[in-house]
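The values are calculated or read from the model by the stated rules, or taken from the named source; none is laboratory data. Keep in mind the model is a prediction, meaning the values are calculated, not measured. Here the Cβ is made from the backbone with ideal geometry for all residues, glycine too, and neighbour counts use every protein chain on show. Only protein heavy atoms, including side chains, enter the accessible area calculation; ligands, DNA and RNA are left aside. Shrake-Rupley method; radii C 1.70, N 1.55, O 1.52, S 1.80 Å.
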Amino acid sequence: MIGRALWQGLVAGAVGGVVMTLGEKIEQAVTGRPDSHVPARVLQRLTGLPERPGAQPLPVNWVMHFGQAALLGVLRSLMAQAGLRGPLSSAQFAVVRLTNDQILENATGVGAPPSTWPRGELAVDTLHKAVYAFSTGLVADALAARSGPGPGQAHAMLRPGRKRDVGPLPRDATQGR
(Lines give C-alpha, C1' and ligand atoms only; values in the text may rest on other atoms or scores of the structure.)
Protein backbone atom coordinates (compact mmCIF):
# COMPACT_ATOMS: atom_id res chain seq x y z
CA MET A 1 0.00 0.00 0.00
CA ILE A 2 2.80 2.45 0.84
CA GLY A 3 4.49 2.02 -2.54
CA ARG A 4 1.23 2.66 -4.38
CA ALA A 5 0.44 5.62 -2.15
CA LEU A 6 3.81 7.19 -2.88
CA TRP A 7 3.68 7.20 -6.67
CA GLN A 8 -0.07 7.73 -6.87
CA GLY A 9 0.13 10.56 -4.35
CA LEU A 10 2.88 12.34 -6.24
CA VAL A 11 0.77 12.12 -9.40
CA ALA A 12 -2.45 13.19 -7.64
CA GLY A 13 -0.74 16.06 -5.83
CA ALA A 14 0.94 17.28 -9.03
CA VAL A 15 -2.40 17.25 -10.85
CA GLY A 16 -4.01 19.10 -7.93
CA GLY A 17 -1.20 21.66 -8.03
CA VAL A 18 -1.70 22.28 -11.74
CA VAL A 19 -5.48 22.63 -11.35
CA MET A 20 -5.03 25.01 -8.39
CA THR A 21 -2.52 27.10 -10.35
CA LEU A 22 -4.81 27.35 -13.37
CA GLY A 23 -7.61 28.50 -11.06
CA GLU A 24 -5.31 31.06 -9.46
CA LYS A 25 -4.29 32.45 -12.84
CA ILE A 26 -7.93 32.79 -13.90
CA GLU A 27 -8.80 34.47 -10.59
CA GLN A 28 -5.82 36.83 -10.91
CA ALA A 29 -6.86 37.82 -14.44
CA VAL A 30 -10.32 38.72 -13.14
CA THR A 31 -9.33 40.38 -9.84
CA GLY A 32 -5.96 41.86 -10.76
CA ARG A 33 -4.37 40.23 -7.70
CA PRO A 34 -0.59 39.97 -8.17
CA ASP A 35 1.44 36.77 -7.95
CA SER A 36 2.44 35.64 -4.48
CA HIS A 37 6.11 35.16 -3.74
CA VAL A 38 5.43 33.57 -0.35
CA PRO A 39 6.29 30.02 -1.53
CA ALA A 40 9.73 31.16 -2.73
CA ARG A 41 10.42 33.07 0.48
CA VAL A 42 9.45 30.07 2.60
CA LEU A 43 11.76 27.78 0.61
CA GLN A 44 14.58 30.33 0.85
CA ARG A 45 14.19 30.48 4.62
CA LEU A 46 13.92 26.71 5.02
CA THR A 47 17.01 26.02 2.92
CA GLY A 48 19.15 29.05 3.72
CA LEU A 49 19.01 30.30 0.12
CA PRO A 50 19.67 34.03 -0.23
CA GLU A 51 16.65 36.33 -0.21
CA ARG A 52 16.20 39.56 -2.09
CA PRO A 53 13.57 42.27 -1.91
CA GLY A 54 10.59 42.29 -4.24
CA ALA A 55 9.72 39.56 -6.71
CA GLN A 56 11.42 36.23 -6.16
CA PRO A 57 12.81 33.93 -8.85
CA LEU A 58 9.96 32.05 -10.53
CA PRO A 59 11.76 28.66 -10.47
CA VAL A 60 12.18 28.91 -6.67
CA ASN A 61 8.50 29.80 -6.33
CA TRP A 62 7.44 26.87 -8.49
CA VAL A 63 9.69 24.35 -6.72
CA MET A 64 8.00 25.16 -3.43
CA HIS A 65 4.50 25.55 -4.87
CA PHE A 66 4.47 22.32 -6.87
CA GLY A 67 6.78 20.47 -4.47
CA GLN A 68 4.35 21.00 -1.60
CA ALA A 69 1.44 20.03 -3.84
CA ALA A 70 3.09 16.77 -4.91
CA LEU A 71 4.36 15.80 -1.47
CA LEU A 72 1.06 16.49 0.27
CA GLY A 73 -0.63 14.42 -2.41
CA VAL A 74 1.08 11.40 -0.87
CA LEU A 75 -0.90 11.97 2.33
CA ARG A 76 -4.17 12.20 0.38
CA SER A 77 -3.22 9.01 -1.46
CA LEU A 78 -2.58 7.26 1.87
CA MET A 79 -6.05 8.35 2.92
CA ALA A 80 -7.53 6.89 -0.27
CA GLN A 81 -5.55 3.64 0.04
CA ALA A 82 -6.85 3.23 3.60
CA GLY A 83 -10.41 3.71 2.37
CA LEU A 84 -10.91 7.40 3.21
CA ARG A 85 -12.32 8.47 -0.14
CA GLY A 86 -14.84 10.92 -1.49
CA PRO A 87 -15.78 14.55 -0.87
CA LEU A 88 -15.71 14.36 2.94
CA SER A 89 -12.16 13.01 2.85
CA SER A 90 -11.16 15.74 0.40
CA ALA A 91 -12.68 18.38 2.71
CA GLN A 92 -10.65 16.95 5.61
CA PHE A 93 -7.57 17.07 3.40
CA ALA A 94 -8.23 20.74 2.55
CA VAL A 95 -7.73 21.54 6.23
CA VAL A 96 -4.42 19.67 6.15
CA ARG A 97 -3.30 21.65 3.09
CA LEU A 98 -4.16 24.97 4.70
CA THR A 99 -2.51 23.94 7.97
CA ASN A 100 0.68 22.87 6.22
CA ASP A 101 0.98 26.27 4.54
CA GLN A 102 0.37 28.13 7.76
CA ILE A 103 2.88 26.11 9.78
CA LEU A 104 5.63 26.70 7.21
CA GLU A 105 4.79 30.35 6.57
CA ASN A 106 4.47 31.28 10.24
CA ALA A 107 7.42 29.20 11.47
CA THR A 108 9.72 30.92 8.97
CA GLY A 109 8.32 34.39 9.67
CA VAL A 110 7.22 34.78 6.07
CA GLY A 111 3.51 34.77 6.87
CA ALA A 112 1.14 35.90 9.58
CA PRO A 113 -1.71 33.96 11.20
CA PRO A 114 -4.82 33.86 8.99
CA SER A 115 -6.84 35.55 11.74
CA THR A 116 -4.90 38.73 10.92
CA TRP A 117 -5.53 38.60 7.15
CA PRO A 118 -8.08 40.69 5.29
CA ARG A 119 -11.20 38.54 4.89
CA GLY A 120 -11.13 38.69 1.09
CA GLU A 121 -7.54 37.43 0.96
CA LEU A 122 -8.40 34.62 3.37
CA ALA A 123 -11.41 33.60 1.27
CA VAL A 124 -9.34 33.51 -1.93
CA ASP A 125 -6.59 31.42 -0.32
CA THR A 126 -9.11 29.00 1.18
CA LEU A 127 -10.88 28.63 -2.15
CA HIS A 128 -7.66 27.84 -4.02
CA LYS A 129 -6.55 25.30 -1.41
CA ALA A 130 -9.99 23.66 -1.58
CA VAL A 131 -9.66 23.40 -5.37
CA TYR A 132 -6.28 21.73 -4.82
CA ALA A 133 -7.65 19.34 -2.17
CA PHE A 134 -10.67 18.23 -4.19
CA SER A 135 -8.69 17.87 -7.44
CA THR A 136 -6.01 15.87 -5.67
CA GLY A 137 -8.70 13.79 -3.99
CA LEU A 138 -10.43 12.94 -7.25
CA VAL A 139 -7.20 11.62 -8.73
CA ALA A 140 -6.05 9.84 -5.55
CA ASP A 141 -9.45 8.20 -5.09
CA ALA A 142 -9.61 7.04 -8.72
CA LEU A 143 -6.12 5.57 -8.58
CA ALA A 144 -6.75 3.85 -5.22
CA ALA A 145 -10.06 2.40 -6.42
CA ARG A 146 -8.15 0.37 -9.00
CA SER A 147 -6.86 -1.77 -6.09
CA GLY A 148 -10.34 -2.32 -4.66
CA PRO A 149 -11.67 -1.19 -1.31
CA GLY A 150 -9.25 -0.01 1.35
CA PRO A 151 -9.13 -1.71 4.76
CA GLY A 152 -11.47 0.88 6.26
CA GLN A 153 -14.00 0.33 3.49
CA ALA A 154 -13.72 -3.45 3.87
CA HIS A 155 -14.39 -3.05 7.58
CA ALA A 156 -17.43 -0.87 6.89
CA MET A 157 -18.81 -3.49 4.49
CA LEU A 158 -19.10 -6.01 7.34
CA ARG A 159 -22.17 -4.13 8.54
CA PRO A 160 -23.26 -0.68 7.35
CA GLY A 161 -22.81 2.10 9.86
CA ARG A 162 -20.59 2.30 12.89
CA LYS A 163 -21.40 -0.64 15.17
CA ARG A 164 -19.84 -1.53 18.52
CA ASP A 165 -20.17 -5.25 17.93
CA VAL A 166 -18.13 -5.23 14.70
CA GLY A 167 -14.50 -5.60 15.65
CA PRO A 168 -11.48 -4.88 13.50
CA LEU A 169 -10.74 -6.90 10.39
CA PRO A 170 -8.37 -9.81 10.91
CA ARG A 171 -4.78 -8.72 10.39
CA ASP A 172 -4.31 -10.94 7.32
CA ALA A 173 -7.36 -9.30 5.68
CA THR A 174 -5.58 -5.92 5.67
CA GLN A 175 -2.17 -7.07 4.45
CA GLY A 176 -1.19 -6.31 0.88
CA ARG A 177 -3.88 -3.69 0.31
Requested in this report: Take the alpha carbon gyration tensor of region 53-123, find the square roots of its eigenvalues, order them as a ≥ b ≥ c, and report rounded if a/c is under 1.5; if not, report prolate when a/b exceeds b/c, else oblate.
Outcome: oblate
**Report entry** Accessible area of region 26-137 belonging to carbon and sulfur atoms, whole % at 1.4 Å probe
**Finding:** 73
**Report entry** Ordering of 107-116, 144-153 by burial proxy (mean other Cβ atoms within 10 Å per residue, highest first)
**Finding:** 144-153, 107-116
Query raised in the report: Which of ASP101, ASP125, ASP35 moves most in a GNM of the chain, Cα contacts under 10 Å?
Result: ASP35
Query raised in the report: Taking the Cβ-Cβ separation of SER36 and LEU6 as r and a Förster radius of 25 Å, what is the calculated FRET efficiency to the nearest 0.05?
Result: 0.30
**Report entry** Highest average packing first - 48-60, 77-89, Cβ atoms within 10 Å
**Finding:** 77-89, 48-60
Query raised in the report: Which whole number of Å³ per residue matches the convex hull of the alpha-carbon atoms in the chain?
Result: 146
Query raised in the report: How would you classify region 1-86 from its alpha-carbon gyration tensor, with a ≥ b ≥ c the square roots of the eigenvalues: rounded for a/c under 1.5, else prolate if a/b is greater than b/c, otherwise oblate?
Result: oblate
Requested in this report: Counting helices only, and only those DSSP H runs with n ≥ 4, report the 222 nm mean residue ellipticity of the chain as the sum of -39,500 (n - 2.57) divided by its residues, in deg cm²/dmol to the nearest 500.
Outcome: -24000 deg cm²/dmol
Query - Heavy-atom accessible area per residue - the chain, 1.4 Å, Å² - result: 56
Requested in this report: Taking 7 Å along the Cα-to-C-beta vector as the label spot, tell me the ILE26-VAL96 distance in nanometres, rounded to one decimal.
Outcome: 2.6
